[in-house]
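Heads up, the thing below is written out as structure tokens.
The values are calculated or read from the model by the stated rules, or taken from the named source; none is laboratory data. The structure presented is a predicted model; accordingly, all values stated were derived computationally and were not measured. Cβ placement follows ideal geometry from the backbone for every residue including glycine, while neighbour counts extend to all protein chains displayed.
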Amino acid sequence: MTQIEFYQLNPAGHGYDQVVCKLCQKAWDSKQRTLLLTQSAEQSRHLDKRLWTFVDDSFVPHDIEESDDFVTPILIHDNPDPAGERQLLINLSTSVPNYFAQFERVIELVTEDNKAQARAHYSYYKERGYPLKHVNL
């Protein structure tokens, strides 16, 4: 069963983009193919750029488009085709995608700006019996 994790960001301690990039780095380090589901094409492009520059001495292979010849380890997209085998979904979108259960893990970020949305997502998963974990950052 899919494990759902809610990461509560401390506004004074962790920048949103930095946390997203670190999560992608950890996914890459642990060989988890990841879908980074964004709210918009603009956010996808922004995070694509951030992943190239967030740490000088690391490399996180990612792309905003999937190739037929190569499955990118970190796919950043706002309207993905859920086909393909990926272990981790980092959901930055405003809704719970109907295909979330195909992933081993789903990570939802909770900020001051999206608390109501995060509560709705939490209730959605809980009502369906998914194991939930809360992490304070």
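The set of residues in the stretch 22-78 that are in contact (Cβ under 8 Å) with a residue 40 or more places away in the chain and acidic (Asp, Glu) contains only ASP78.
The residues of the stretch 37-53 that are farther than 19 Å from TYR99 by Cα and among the hydrophobic types (A, V, I, L, M, F, W, C), listed by number, are ALA41, LEU47, LEU51, TRP52.
I want to confirm something. Restricting to the stretch 99-137 and keeping residues that are among the acidic types (Asp, Glu) and either touching a Leu at 6+ places or on another chain (Cβ under 6 Å) or in contact (Cβ under 8 Å) with a residue 60 or more places away in the chain (or both), which single residue is nearest to LYS31 (Cα to Cα)?
GLU104
If you check TRP52, TRP28 for being at pLDDT 95 or above, part of a helix (DSSP H, G or I) and over 21 Å from HIS121 (Cβ atoms), only one passes: TRP28.
On the given criteria, is THR94 free of Cβ contacts under 8 Å to residues at least 60 places away in the same chain, touching a helix residue (DSSP H, G or I) at 6+ places or on another chain (Cβ under 7 Å), surrounded by fewer than 20 Cβ atoms within 10 Å (Cβ to Cβ) and of a type outside the set (A, V, I, L, M)?
Numbers: free of Cβ contacts under 8 Å to residues at least 60 places away in the same chain: yes; touching a helix residue (DSSP H, G or I) at 6+ places or on another chain (Cβ under 7 Å): yes; surrounded by fewer than 20 Cβ atoms within 10 Å (Cβ to Cβ): yes; of a type outside the set (A, V, I, L, M): yes.
So THR94 fits the description; yes.
Scanning the stretch 31-49 for residues that are in a helix (DSSP H, G or I), among the basic types (Lys, Arg) and either in contact with a Phe, Trp or Tyr (Cβ under 7 Å, 6 or more places away or on another chain) or surrounded by 13 or more Cβ atoms within 10 Å (Cβ to Cβ) (or both) turns up just one, ARG45.
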